[in-house]
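Following: one structure in structure tokens, then a few remarks.
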Amino acid sequence: MPMRTLNSIHINAAPEIVFKLAAEVENWPRILPHYRWVHVVESRGLSRIVEMAALRTIIPVKWLSVQTLEPQAGRIYYEHIGGPTRGMWVEWTIGRDPNGGTRAVIMHEMDLRVPIVRTPPGKLVTGRFFVSHIAGKTLEHIKRAAEG
């Protein structure tokens with residue numbers, strides 16, 4: 001059974017600014033201190049393959065994803081195709097908040113293929129300890145960059 005995590009944040013900036021910062025992952029290591037590097041492996045219009053590496057505190061993690069942009073809808077999708085999170089789907093939703101500014105939401109759905117990660121303790125560690133923590137830090141730093 002898939003596991004979902006959800007992170008969201010209010011940002012006092014226009015959705016277009018937030019979308020640009022979120023979509024341009026190759027710039028993340030400059031604005032997100034927990035990202036070690038991001039490499040664009042292949043690009044095909046609004047879709048590309050990206051290799052990403054971050055830190056969960058002092059623990060290094062990396063993965064390979066297909067990133068697909070839908071700028072008009074304010075959505076960014078990722079399908080993790082390599083690394084321990086292979087099989088994870090990620091959806092960013094970036095839109096106007098009715099109270100002003102932008103609401104940015106990251107949803108991860110994990111139906112992971114690595115056997116140890118598929119166990120209940122593995123899902124808990126992967127979901128809460130790694131995925132939610134890194135996504136929360138990502139949103140916090142996107143907010144700082146957009147508002148700064």
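What are the residues in the stretch 74-91 that are of a type in the set (Ser, Thr, Tyr) and farther than 20 Å from residue 103 by Cα, if any?
85
Within the stretch 125-140, is there a residue that is assigned to a loop (DSSP other than H, G, I, E, B) and either at pLDDT below 95 or in contact with a helix residue (DSSP H, G or I) (Cβ under 8 Å, 6 or more places away or on another chain) (or both)?
No, that holds for no residue.
Restricting the search to the stretch 1-25, which residues are surrounded by 13 or more Cβ atoms within 10 Å (Cβ to Cβ) and either over 20 Å from residue 74 (Cβ atoms) or of a type in the set (Ser, Thr, Tyr) (or both)?
Result: 3, 5, 8.
Return yes when residue 68 is buried (at least 17 other Cβ atoms within 10 Å of the Cβ), farther than 20 Å from residue 146 by Cα, under 13 Å from the mean Cα position of the chain (by Cα) and among the β-branched types (Val, Ile, Thr) and no when it is not.
On the way: buried (at least 17 other Cβ atoms within 10 Å of the Cβ): no; farther than 20 Å from residue 146 by Cα: yes; under 13 Å from the mean Cα position of the chain (by Cα): yes; among the β-branched types (Val, Ile, Thr): yes.
Judged against the criteria, residue 68 is not a match.
Inspect all residues belonging to the stretch 28-35 and state whether any of them is touching a residue at least 12 places away in the same chain (Cβ under 8 Å) and part of a strand (DSSP E or B).
There is at least one residue in the stretch 28-35 that is touching a residue at least 12 places away in the same chain (Cβ under 8 Å) and part of a strand (DSSP E or B).
Considering only residues that are assigned to a strand (DSSP E or B) and of a type in the set (Val, Ile, Thr), which ones fall in the stretch 2-27?
Listed by number, the residues that qualify are 5, 9, 11.
Scan the stretch 61-75 for residues that are in contact (Cβ under 8 Å) with a residue 24 or more places away in the chain and over 14 Å from residue 49 (Cβ atoms) and jot them down.
61, 70, 71, 74
Name the single residue, out of those in the stretch 26-39 being in contact with a His (Cβ under 8 Å, 6 or more places away or on another chain) and crowded, with 16+ Cβ neighbours inside 10 Å, that is nearest to residue 58 (Cα to Cα).
Filtering first and then ranking leaves 34.
Out of all the residues in the stretch 54-75, which are modelled with pLDDT under 95 and part of a strand (DSSP E or B)?
Restricting attention to the stretch 54-75, the residues satisfying the condition of being modelled with pLDDT under 95 are 54-63.
54, 55, 56, 59, 60, 61, 62, 63 - these are the residues of the stretch 54-75 that are modelled with pLDDT under 95 and part of a strand (DSSP E or B).
The values are calculated or read from the model by the stated rules, or taken from the named source; none is laboratory data. Not measured: the values here are computed from a predicted model. For neighbour counting, all protein chains shown are included, and Cβ atoms are generated from backbone atoms with ideal geometry for every residue, glycine included.
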